[in-house]
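Have a look at the structure below before the remarks.
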Amino acid sequence: MTQVPDALPARMYLLAYDLRRRRMTKSRSELGCMVRAAALTELYLDGRLAESRRRPVPGTPGDDPYGLLAAIGASRPRSWQHWVRKDARAFATRIRDELAHEGWIRLHRRRFLGFPRTVVEVRDPRVVKELWGRASSALHGRPVAHVHSFDAAAVALAAACELSCVLPRRERRRHRRRIAELTARSGPAVTAARKVIEAQNAAAAG
């Protein structure tokens, strides 16, 4: 079995990489919302983040690798959607740079139409394929209660954020019930991410 990153945000970032086109499939804003939601979900799944009155609150004390627990604890009560959106682009850059530092990806600095641009290259395509395989197994395999929590969350987040390289629209419709079950297992940040992405898409269309 190919080794993959331990952290859910890192896994979701790599899942957004299109191996055929060799590029990221989401804008930095959308990618940021997805990996922010993944970080919130990771904290929620292990109890470090809880929910009170439909808002996130610090849960069981523990490590705070993303600084989210401190920020949420110091803030007045705010919605899950607020924390998914907040500093999303900067958060995507942070996860990208951590993946580069740990050797999962390479970053190439280029210029496009005269502007600087950073191009992402996955070092080992087998890592992305392994993550795809785990997502596929979560969608088609064993009963939902027996699916690994991060694999369940990966499918739920891919559906919520319309990550078509993992779940094309046709597949999202076909497996709507299963996705809903995986989403229910994964916590409120997934639903918040879906609402944020839908709002962004509506604003862009308008």
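Quick check, is Arg36 assigned to a helix (DSSP H, G or I), under 15 Å from Pro188 (Cα atoms), modelled with pLDDT of 95 or more and of a type in the set (Lys, Arg)?
Numbers: assigned to a helix (DSSP H, G or I): yes; under 15 Å from Pro188 (Cα atoms): yes; modelled with pLDDT of 95 or more: yes; of a type in the set (Lys, Arg): yes.
So Arg36 fits the description; yes.
Residues of the range 36-83 that are surrounded by fewer than 21 Cβ atoms within 10 Å (Cβ to Cβ), under 20 Å from the mean Cα position of the chain (by Cα) and in contact (Cβ under 8 Å) with a residue 60 or more places away in the chain: Leu45, Glu51, Ser79, Gln81. With respect to (1) assigned to a loop (DSSP other than H, G, I, E, B); (2) crowded, with 16+ Cβ neighbours inside 10 Å, the lone exception for Gly103 is condition (2). Taking the conditions exactly as written (free of Cβ contacts under 8 Å to residues at least 24 places away in the same chain and either crowded, with 18+ Cβ neighbours inside 10 Å or aliphatic (A, V, I, L, M) (or both)), does Ala152 satisfy them or not? It is false that Ala152 is free of Cβ contacts under 8 Å to residues at least 24 places away in the same chain and either crowded, with 18+ Cβ neighbours inside 10 Å or aliphatic (A, V, I, L, M) (or both). Remark: pairs (first residue in the range 181-201, without any contact (Cβ under 8 Å) to a residue 40 or more places away in the chain and in a helix (DSSP H, G or I); second residue buried (at least 24 other Cβ atoms within 10 Å of the Cβ) and of a type outside the set (Val, Ile, Thr); Cβ separation under 6 Å; 6+ apart in sequence or on different chains) = Thr183/Ala156; Arg194/Ala160.
I'm told Tyr13 meets every condition in (1) farther than 25 Å from Val155 by Cβ; (2) buried (at least 17 other Cβ atoms within 10 Å of the Cβ) except one. Can you identify the failing condition by its number? Single failed check for Tyr13: (1).
Could you check the range 155-176 and list, in sequence order, the residues that are in a helix (DSSP H, G or I) and either surrounded by fewer than 21 Cβ atoms within 10 Å (Cβ to Cβ) or in contact with a strand residue (DSSP E or B) (Cβ under 7 Å, 6 or more places away or on another chain) (or both)?
Here is the first cut: in the range 155-176, the residues in a helix (DSSP H, G or I) are 155-160, 169-174, 176.
Scanning the range 155-176 gives Arg169, Arg170, Glu171, Arg172, Arg173, Arg174, Arg176.
Consider the range 22-35 and keep the residues that are of a type in the set (Gly, Ala, Ser) and closer than 16 Å to Gln81 by Cβ. The one that is surrounded by the fewest Cβ atoms within 10 Å (Cβ to Cβ) is Ser29.
The values are calculated or read from the model by the stated rules, or taken from the named source; none is laboratory data. Bear in mind that the values here come from a model prediction, so they are computed numbers and not experimental data. Quick reminder, even Gly has a Cβ in these numbers, built from the backbone with ideal geometry, and neighbours come from all protein chains shown.
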